[in-house]
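> Just dropping this structure here.
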Amino acid sequence: MNDFLKERLALLNDELQAINDKAAAENRTALTESEEQEFEKRAKEAESIRMRLRALAAAKADKSQEDRGYEPFVTKISEQRAASGRMFREALTRKCEIVLELRESVTATTAANAANAIPVYIKDFVEPLEKGLIFDKLGIGIEYGLSGDIKYPVMPYIEASIAEEGVKLEDTTLAPGAITPKPRRLGVTCPLTGLANVQTDMRLYNWLLNELAKSVARALNRWMFMTVAAATDVYGVFAYNKDKNPIESVTFKAASPTYKELVAMRGKVMTSGAQNDGTYAYVMSAAMYTELETTPKVANGEQMILVDGKIGGIPVFITEEIECTGKSGGKSTYNVTPKHVGFGRFSDVKVGQFGQFKLIVNPYTGDTADVTRITVNANWAVDTLRRSSFVIGTITAAS
């Protein structure tokens, strides 16, 4: 089933690109009415298949990143997108630095654009980025192109007092707090093959944006969900540190968490006052997910801890990054046996992208192998607004 769906999705992507190519071959920057209908029909089926593939990936213990929503997205041809693709193509002919400008509405590329600046529709980049994460399911807010002195307001906890009639109430001091994001450089470098063979500017635009979104998604996923610092003093929502990131932390007593322990994690967040606003969720690896699917709530019971993707009615999402232990020899390392479960209210975390994306295109280093090296540099911030809204559970007992 999985292979059939992937083959069907690849075919649909080819057909979507072919519709764009036909318009480009006829020097058109828009689709006809009939082409629009065919494009939307195929795009709708492609999204349905992506959703099915993500569901299948969530149900199996497979660490393959390619199975987790990174299928390419194809956008419709437009004058602005084709112009950006043409600028990408020109950049590939020389070693240079490009600024990728994410815009809500991309106007036609003109001489007024900054040198080496390529305008891109925000949604053309954001959609594959979010689908490559689990952000779009968790209710995490992502903001782009931030600059200046940004602060996230955090309202204080206030309480009414009981008083007799006619007794003057004391003023309640209302002093909202604020979280100031700390942007960090997120750099990714990757060799891309066959770029010279991408036939049309729209194909190049789509292909490059998907590859860039994929690289950023993987890095952000790791930062957000790993249980240790992603870098010096850089913490995601589940990276417990007593002084610098004092989220809630619990230890599971046995080699596998019990239903009672998992529900108690939720209780910690509820007790802090962070009630479920629709963004409550458990996060774990695929191996932990499948283990809990086959573990009874009570000894010898018939009902499992995890049923239909939920624990006690709360959705469970999968990311292998919660088991990431860091890097060794330039490669990410993971726990061989799963040992973590995270829980949180994900409306209490913000992700921000600051300034511009900078791309360095180097088509020369690997030219004999048809390899173009793309290096991405951008500033991102992941900020937890309420640390008490997140709990990390850890297995310490031997398996």
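The values are calculated or read from the model by the stated rules, or taken from the named source; none is laboratory data. Since this is a predicted model, take the numbers as computed values, not measurements. So basically every Cβ, Gly included, is an ideal-geometry build from the backbone, and we count neighbours across all protein chains shown. With ligands, DNA and RNA removed, areas are computed over all heavy atoms of the protein, side chains included. Shrake-Rupley method; radii C 1.70, N 1.55, O 1.52, S 1.80 Å.
> Expressed as a whole number of Å, what is the distance separating the alpha-carbon centroids of segment 291-354 and segment 1-49?
35 Å
> Full-extension gain between residue 327 and residue 5, please, as 0.36 nm times their residue separation minus the C-alpha to C-alpha distance. Working shown, then result.
Numbers: separation 322, 0.36 × 322 = 115.92 nm, distance 3.33 nm.
This chain segment gains 112.6 nm when fully extended.
> Could you report the accessible area of residue 53 in Å², rounded to 10, computed with a 1.4 Å probe on the protein chains as they sit in the structure?
That residue has around 10 Å² of solvent-accessible surface.
> Work out, step by step, the length gained on full extension between residue 137 and residue 117: first 0.36 nm times the residue separation, then minus their alpha carbon distance; give nm to one decimal. Don't jump to the answer; show the numbers that get you there.
On the way: separation 20, 0.36 × 20 = 7.20 nm, distance 3.21 nm.
Fully extending the segment from residue 137 to residue 117 adds 4.0 nm.
> Let me ask something else. Beyond 23 Å between alpha-carbons counts as too far, so tell me which of 137/310; 214/242; 137/214; 268/339 fall in that bin. Write out the running numbers ahead of the final one.
Working: 137/310 14 Å; 214/242 33 Å; 137/214 17 Å; 268/339 20 Å.
Beyond 23 Å: 214/242.
> Given a Förster radius of 22 Å and the C-beta distance between residue 29 and residue 96 as r, what FRET efficiency does 1/(1 + (r/R0)^6) yield to the nearest 0.05?
Working: r = 26 Å, r/R0 = 1.17.
Step by step, r from the Cβ atoms, then E = 0.30.
> Moving on to the next point. Just to make sure I understand: if all protein chains stay in place, what is the order of 140, 360 by accessible area at 1.4 Å, largest first? Walk me through the numbers before you get to the answer.
Values: 140 15, 360 60 Å².
Most to least solvent-accessible, the answer reads 360, 140.
> Separate question: Just in segment 293-397: which GluC sites (Glu not before Pro) are loop by DSSP and have at most 14 other Cβ atoms within 10 Å? Before the final figure, lay out the partial values.
On the way: sites: 293, 302, 320, 321, 323; in loops: 302.
Counting only loop positions with at most 14 other Cβ atoms within 10 Å, the GluC sites (Glu not before Pro) in segment 293-397 are 302.
> What residues have an amide H closer than 5 Å to that of residue 334, excluding those fewer than 5 places away on the same chain, when H is modeled at 1.01 Å from N in the peptide plane?
325
> May I pose another question? Determine the gain in length on full extension of the stretch residue 190-residue 45; use 0.36 nm per residue of separation and subtract their C-alpha separation, reporting nm with one decimal.
Value of the extension gain: 49.1 nm.
> Now, a different point. Rounded to a whole number of µm²/s, how large is the Stokes-Einstein D of segment 208-304 at 25 °C and 0.890 mPa s, given Rh as the Kirkwood radius over C-alpha pairs? Write out the running numbers ahead of the final one.
On the way: Rh = 16.0 Å.
Roughly 153 µm²/s, to the nearest whole number.
> What is segment 199-297's relative contact order, in percent, from Cα pairs under 8 angstrom and six or more apart in sequence? Don't jump to the answer; show the numbers that get you there.
Details: 48 pairs, mean separation 11.1, N = 99.
Once normalised by length, the contact order is 11 percent.
> Given a 1.4 Å probe and the protein chains all in place, what does the accessible area of residue 249 round to, in Å² to the nearest 10?
Number for this one is 60 Å².
> Let me have the relative contact order for segment 266-399, percent, based on Cα pairs under 8 Å that are six or more residues apart. Before the final figure, lay out each step's value.
On the way: 214 pairs, mean separation 35.1, N = 134.
It rounds to 26 percent for segment 266-399.
> May I pose another question? Would you mind working out the accessible area per residue for segment 279-399, using a 1.4 Å probe, and quoting it in Å²? Working shown, then result.
On the way: 4950 Å² over 121 residues.
Using a 1.4 Å probe on heavy atoms only, each residue of segment 279-399 averages 41 Å².
> Could you pull out every residue, at least 5 positions away or on a different chain, whose amide H is within less than 5 Å of the one on residue 312? Hs are placed 1.01 Å off N in the peptide plane, and Pro or chain starts have none.
Counting only residues 5 or more places away or on other chains, the set is 307.
> Could I ask something else about it? For segment 209-250, with all protein chains present and a 1.4 Å probe, just round the carbon and sulfur fraction of the accessible area to a whole percent.
Accessible surface attributable to carbon and sulfur in segment 209-250 totals 44 percent.
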